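Notes to accompany the following structure.
The values are calculated or read from the model by the stated rules, or taken from the named source; none is laboratory data. Note that this is a predicted model, so its numbers are computed, not measured. Glycine gets a Cβ as well: all are built from the backbone with ideal geometry, and neighbour counts include every protein chain shown. When the accessible area is computed, the model is the full protein with side chains, heavy atoms only, and any ligands, DNA or RNA have been set aside. Shrake-Rupley method; radii C 1.70, N 1.55, O 1.52, S 1.80 Å.
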Amino acid sequence: MGENTTTSPLDSFCGSTFWDLDQTWYTNDPNFTECFHQTVLYWIPCGFIWLFAPYETYQILYSNTRYIPWSFINISKMVINLLLIILSIISIIYAVIQSNNGVELYTNDVYYVTPAILAATFVLTLGLMLAGKKRGIRSSGPLFLFWFLLAFCGGFTYAARIKSIIDGMNNMETYPFVWEMVYYPLVVVMFFINCFADKEPLYMEGEGKSDNPCPEEGASFLNVITYTWLDTLIWKGYRKPLETTDLWDLNNKDKSKSVVPRFEKHWQKALSKQAKKPSEPKATYGAENGGVSFKPTATPKKIVSVLPALCKTFAPEFLLGSLLKLMQDLLAFVSPQILSLLIGFVEDPTQESWKGYLYALVLTLTAMLQTLILGQYFQRMFVVGMQIRTSIVSSIYRKAIKISNSSRKESTVGEIVNLMSVDAQRLMDLTTYLNMLWSAPLQIALAIYFLYQILGPSVFAGLGVMILLIPVNGVLANATKKLQIQQMKYKDKRVKMMSEILSGIKVLKLYAWEPSFQAQVEEIRSKEIKVLKQAAYLNAGTSFIWTCAPFLVTLATFAVYVTTDPSHILDAKKAFVSLTLFNLLRFPMSMFPMLVVSFVQASVSIKRLNKFMNADELDPNSVSHETTPNAISVEKSSFAWSQGEPPILKDINIEIKPGKLVAVVGQVGAGKSSLISAILGEMEKLSGKVNTNGRIAYIPQQAWIQNCSLRNNILFGKGYSESVYNKVINACALKPDLAMLPGGDSTEIGEKGINLSGGQKQRVSLARSVYADMDVYLLDDPLSAVDSHVGKHIFDEVIGPKGLLKSKTRLLVTHGITFLPQVDQIIVLKDGEVSEVGSYKELLAQKGAFAEFLLQHLEDEGADEDIPDELAEIKQELENTMGKEEFARQISRQRATSESHSQHSENAENRPMIASPDRSLSRSSSTTSMEKSGGSLRRRSSAKDRKSVDAGAPAANPNNNKLIEAEKTETGKVNSKVYIHYMRSIGGWLTFITLVLYILYQGFAVYSNIWLAKWSEAGNTTTNNHTIEQQRDIYLGVYGALGFGQAIFLLFGTMTIALGCLEASAILHEGMIARTFRLPMSHFDTTPIGRIVNRFAKDVDVVDNLIPSSIRTALLCFLSVVSTILVIGVGTPVFFAVAIPIGVLYYWIQNVYVATSRQLKRLESVSRSPIYSHFGETLTGATVIRAYGQEQRFIKESESRVDINQVCYYPSIVANRWLSVRLETIGNLVVLFASLFAVIEREKGTMDPGYVGLSITYALSITQTLNWFMRMTSEVETNIVAVERIKEYSEAVQEASWDHGKREPPNTWPDKGKVSFEKYEVRYREGLDLVIKGISCEIEGGEKVGIVGRTGAGKSSLTLALFRIIEAAAGKITIDGIDIADLALHKLRSRLTIIPQDPVLFSGTLRMNLDPFNSYSDDDIWTALEHAHLKTFVKSLPAGLEHEVSEGGENLSVGQRQLICLARALLRKTQVLILDEATAAVDLETDDLIQATIRKEFKEGTVITIAHRLNTILDSNRVMVLDKGEIKEYAPPDELLANKNSVFYSMARDAGLV
């Protein structure tokens, strides 16, 4: 035995030497020993498959597909497997025969054990394959890897056998040769067959096959790890922009229906565990209240965290990912070891050449293996993240449907939607990083261990620098976080403001208030930019430190190493292996701060989620559903909106028999709507018992309309039956409306029913309930929003004793006293208590609260001569019961109180307001909608924007059913104009300087490494008479200076780029906001507010925060790649020959990928908004959804929207992996060629070790850099889309100029107020029908004119025309002889006054709401408030004029809001007043106040009233009757009423005025 031969127990097992280095290593002709061939090379693959057999068995048992049919593939697999079993058995038989023949070699155990192991293993693989076939496993990972290993290890033996022929074979070798020649080709064929997947299984368990299954399910293991199955999609995306139809279904395991139940199971377990813990309220049974009441104990509720449930649900998949990560981390440290060997090889010319090639190969293979493992790891993490998002979104949705009103009030709709959009997203993003928690410390520890091996204790100098930098980083991160919070605050404020402005944009245009509000937004924006600038300086500082850090670490380590001991010489091996290890250290170190930020964000998100997920839910048992003789019974019950608040309803006792019609009446704020909420179980029951018998339909006061077709709004999830449907449509008076809507009942209704008038929405809501065919109907004043004649029709056809619902139980809250004689029973509420119950006749006789209520109403209607018939009857009855004198006295008393009302601020409206200014909507006033839980139903008007209906509903495209245009998704490459636009916004000089700085930085970085190579080459030799010490100091000094230069250039480069981008961002935002305010009104009609707000929120945020960093990183990566290629190429010029094709390949892959990825991103973001809009819609309509018992249907709908979004998201994750596997392979080729050329050059003797170290160190880092460069360029392209979208807005069509018209009006204009129309025509938008068709008429100065007409006659269009909200199609309007089309818009709008239909207020002070330009004195404002009957109220507010109005004026009653609009008009007091009369928004008292004030204050002016109630315009000078955009009649009202054939007379008759 030679000195390099080791003895081993296997020697005797084989009967020959097991390991001989002379034969395998120190030779020019390496080969393994026969014993090694017979043992290790067979045992490794066999051991592998036995190790993984349990895993494979688990996969087979839990597969949900069945039976793969026989095919060429599985038949061949089976046949070859059987042949291999036979071969193994033959081997054993041969050994037995030979040993019996006395051949000594075959007495050794190895000839029996190895074939036996092989035979057993092949039996196992055959079993696994057949079981897999039966259970539908199309391709198995462990089996593929087994055949791969067997073929790989067998290759060595096969080569040795062939070599034995060439060397001349003795007869002992004949049998092994023949056996190997048969066996090895079979193994190779088997490996080849295993590269393909089997046929599709015949069926799936539990569900049908998908129509468009994801090819991943049928891909072979090889395709899965290389992502080749995605090729078809990538190609398709390259050839044409992808659409949703091109995408595949989700894998079953990722669908909501698989993911959500798993999470819900663990979450419900956690909740029930918590519920079992004793901190329950104690139940007490009290005789006094005749029921059980709960006294909650004072212990606060313990919060159950979502985290454990998430962990339990997703742990198994997550742990598999962690295992992959561990393998990858360990592999990363193989490269430096091989690099060390390779440099050693170049340094030592005596080594055999084949070793160099072996090192080059192993280096590349480890890199390839890392690539594949990392790809799988990220893929798994992303999928887990995606599933986490699915389960959280779904749980939030489920919770939101059940949450109680008091908890719901704690957050706005926006905040809850944020939980879904932001917080769920954060947790999803975190999953990819989570493993860094243990992986980063592991990598750091390993790197330090290996460095210690090379450089000894001097490593700790470098480590010390790293540790010192951690607190610095902490301080910076903290400062950044503070700035981020500040910036978020400003951003939220700005976006909230924009969203309010856009909601009230019509009012701003009518008042010409845009400049003031634009200035307010710009002020917030400038503060935001200031904060962003500070953040930019901080970021530059951070990147300065992070560039310095790795350099300082290497510098410190090398300096300490060479100065501590003269024998410490820095040679190539030490320098570059350490450099590679330091590079490995860099990643986990730089990840740490990011991790901390991610964790902080995630923990905040989890806290917010926990708070929401643990909020109180509505108590499903507060209302029982027992079968009793009564349809509704409430016994001795009190209710509040939330625990601990004073009861709103006290001691209520009500019994309602099935089939009865019961009315609930009472003054404003008496608790009528609250009573309905209580019966629905929406309020907290403090005591007593509520029972409903039968299914319930609920019609809220504020109709809740979904964004879907009109028909689906009515069907509401029920099947379509034509006859029933038509009956319902007719009864609810919707037939004429359907005829007017462009697409009939398939017209799409916009967000919150924007293209329906208030009355239409209310009728749709009513139709929905009638169609639902329930047993009990709760109607919360549905008739208030409709015109009186329509109201009468609906009462007769639907609600009344002869209506469709005559057999149902109906509880009707109403203000209309005309219907009361027809109801079975009346409940009178006063201050939250039932004051009287009885039939109409009984209550009249009692002369109590009901009589008072009637008197109040009669007084309001005005004891004029012209009282409608029904009212006259009621008046007569009252007179009869009370006696004439008593009646007259009461009426005059009512009048007196109502007049004193005007002095003593309308106390009915205000008392609750002052009592609780903080609880914005606790008053359940009749006019404030039921959605008090919402606090953010922004547009709470009753007769909402009739505009569009008048317009014959604006339509946006030829098929006319769509109002809301689909959001444009750009396709294809982002236009180069966008980049140029952005560069211009930054400024040319800045762009140029930035580039120069970055190039200098990169130059210094490269040169510092070249210097290191020179230093390591110099070793101990000296030049120019320097001593060794001096020489060493020169090298060290220059190395340090180069590092410092890098950092300085980077610092300034980062600053210039950040400031330039912010400058651009400021310019872009400024342009967009200026243009948005100048968009014509038609734009806002067809674009959902959310979409415009999105540009101001998301897109501006991208331009502020994401673009600068992605541009910077892309630039750095690009320069880094260029320098790598240069460094390798300069040393080995032949490398350029390889670099060119590799570059072409790279560019091509990038092009193919970007096209697909960009489109997937776009699809994903477009499919994301429906999730949130549906959620927002659900939140506002939760009460309705619960009342109808439709929760499950809505949950399903939400989950299907999430799935659709994930369908777009999943391919983009996989496309990412597809790309990284391909790019890293290209990078690995660079490594291969760099190392191969190093070996070849060494043969020629032209390569010095320092340069080998340098080029391979660079090559090893190129894979990361290429990957990042690709990521960043596509990210820049994805993010630049934001600039494209902002640019699109800043180039949209504008309305006429605000300040420059053809002529200037005199300062006093209009002084007379004479308005004339000459052949005037107008349409809402290009391509639509005319809404006003050539009318001509004159309104004299100071004349009072009423304009009436049915819905859609063009009444509101006239007002819009006067303000040029819509421009003339022909003809003209002149005011005091000046054509309004010649004036600048603001000159015109600021000289007219309007009191709009919806009282729109903005959040800010009361003063700002009255006078945003600060152009009036306080005295003027107080006078206006006094005339508007608000002075006493405002005086009573602690802050007076500075009182903060909440969003949409939520903390004022609707009546007060309307009076504030009146005060605005009184402040302006121009000669022409347009009154777009508020219908049901105001109770009659406020209405009278407004009418009286206008008569008094605008006595001299021209007043044009758009009337919805005819009685308000009976005292006008003239009445204009419009129909379908033409004037039918225009004369004094008396004249028209005298003519029985006039249209006006018939309208008055319908309204019951004649």
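Structure notes:
- Residue count for segment 408-427, restricted to those that are farther than 22 Å from SER499 by Cα and open to solvent by 10 Å² or more (accessible area, probe 1.4 Å): 3.
- Check on ILE999, open to solvent by 30 Å² or more (accessible area, probe 1.4 Å), under 30 Å from PRO1088 (Cβ atoms) and modelled with pLDDT of 85 or more: no
- Residue within segment 476-489 that is β-branched (Val, Ile, Thr) and under 30 Å from LEU1401 (Cβ atoms) present: yes
- Of the strands (runs of 3 or more DSSP E) lying entirely inside segment 613-672, those containing at least 1 residues that are touching an Asp or Glu at 6+ places or on another chain (Cβ under 6 Å) and open to solvent by less than 20 Å² (accessible area, probe 1.4 Å) are 632-640, 661-665.
- Those strands (runs of 3 or more DSSP E) of segment 1452-1546 in which 2 or more residues are touching a strand residue (DSSP E or B) at 6+ places or on another chain (Cβ under 8 Å), at pLDDT 85 or above and crowded, with 20+ Cβ neighbours inside 10 Å occupy 1472-1476, 1502-1506, 1518-1523.
- A single entry from VAL786, VAL798, VAL790 fulfils the requirement of being in a loop (DSSP other than H, G, I, E, B), open to solvent by less than 60 Å² (accessible area, probe 1.4 Å) and of a type in the set (Val, Ile, Thr): VAL786.
- Residue check, LYS527 of a type in the set (Lys, Arg), out of contact with any Leu (no Cβ under 8 Å at 6 or more places or on another chain) and surrounded by 21 or more Cβ atoms within 10 Å (Cβ to Cβ): no
- Condition met for LEU361 (over 30 Å from ASP29 (Cα atoms) and part of a helix (DSSP H, G or I)): no
- Residues that are open to solvent by 10 Å² or more (accessible area, probe 1.4 Å), aliphatic (A, V, I, L, M) and in contact with a helix residue (DSSP H, G or I) (Cβ under 8 Å, 6 or more places away or on another chain) within segment 1367-1386 comprise just one, ALA1368.
- The set of residues in segment 731-762 that are of a type in the set (Asp, Glu) and over 29 Å from PRO801 (Cα atoms) comprises GLU748, GLU751.
- Any pair with Cβ under 6 angstrom, 6 or more apart, that starts in segment 1140-1157 at a residue that is at negative phi and open to solvent by less than 20 Å² (accessible area, probe 1.4 Å) and ends at one that is among the basic types (Lys, Arg) and in a helix (DSSP H, G or I): ILE1149/ARG1222
- For the criterion of being open to solvent by 40 Å² or more (accessible area, probe 1.4 Å), of a type outside the set (Ser, Thr, Tyr) and either free of Cβ contacts under 8 Å to residues at least 40 places away in the same chain or not in a helix (DSSP H, G or I) (or both), ASP11 fails.
- Any hit, segment 78-89, residues being surrounded by 13 or more Cβ atoms within 10 Å (Cβ to Cβ), among the polar types (S, T, N, Q), under 24 Å from PHE191 (Cα atoms) and touching a Lys or Arg at 6+ places or on another chain (Cβ under 6 Å): no
- When PHE1004 is tested against (1) in a helix (DSSP H, G or I); (2) at pLDDT below 85, only condition (2) is not met.
- Some residue of segment 1343-1360 being of a type outside the set (Asp, Glu), under 28 Å from VAL495 (Cα atoms) and either modelled with pLDDT of 85 or more or not in a strand (DSSP E or B) (or both): yes
- Yes/no for ALA519 being within 30 Å of PRO1412 (Cα to Cα) and either open to solvent by less than 40 Å² (accessible area, probe 1.4 Å) or of a type in the set (A, V, I, L, M) (or both): yes
- Selected residue (only one of TYR777, TYR720 is open to solvent by 10 Å² or more (accessible area, probe 1.4 Å), closer than 25 Å to ARG1186 by Cα and either in a loop (DSSP other than H, G, I, E, B) or not basic (Lys, Arg) (or both)): TYR720
- Summed over segment 728-754, residues that are of a type in the set (Lys, Arg) and crowded, with 18+ Cβ neighbours inside 10 Å total 1.
- Test: residue in segment 839-862 that is touching a strand residue (DSSP E or B) at 6+ places or on another chain (Cβ under 7 Å), part of a strand (DSSP E or B) and at pLDDT 85 or above: no
- Residue check for ARG1389: within 28 Å of MET497 (Cα to Cα) and either assigned to a loop (DSSP other than H, G, I, E, B) or open to solvent by 10 Å² or more (accessible area, probe 1.4 Å) (or both): no
- Candidate set from segment 200-231 (those that are at pLDDT 85 or above and closer than 18 Å to LEU130 by Cα); member that is most open to solvent (accessible area, probe 1.4 Å): PHE221
- Sub-6 Å Cβ pairs linking a first residue in segment 1288-1304 that is in a helix (DSSP H, G or I) and of a type in the set (Val, Ile, Thr) to a second residue that is modelled with pLDDT of 80 or more and open to solvent by less than 40 Å² (accessible area, probe 1.4 Å), at least 6 apart or interchain, number zero.
- Selection status of VAL393, closer than 30 Å to PRO1412 by Cβ, of a type outside the set (D, E, K, R), in contact (Cβ under 8 Å) with a residue 24 or more places away in the chain and in contact with a helix residue (DSSP H, G or I) (Cβ under 7 Å, 6 or more places away or on another chain): no
- Which numbered condition PRO349 fails, given (1) touching a residue at least 24 places away in the same chain (Cβ under 8 Å); (2) open to solvent by 40 Å² or more (accessible area, probe 1.4 Å); (3) part of a helix (DSSP H, G or I): (3)
- Only one of the numbered conditions (1) in contact with a Gly (Cβ under 7 Å, 6 or more places away or on another chain); (2) over 24 Å from SER723 (Cβ atoms); (3) not hydrophobic (A, V, I, L, M, F, W, C) is violated by ASP775, and that is (2).
- Residue, surrounded by the fewest Cβ atoms within 10 Å (Cβ to Cβ), within segment 1268-1324, restricted to residues that are out of contact with any Gly (no Cβ under 7 Å at 6 or more places or on another chain) and of a type in the set (Ser, Thr, Tyr): THR1308
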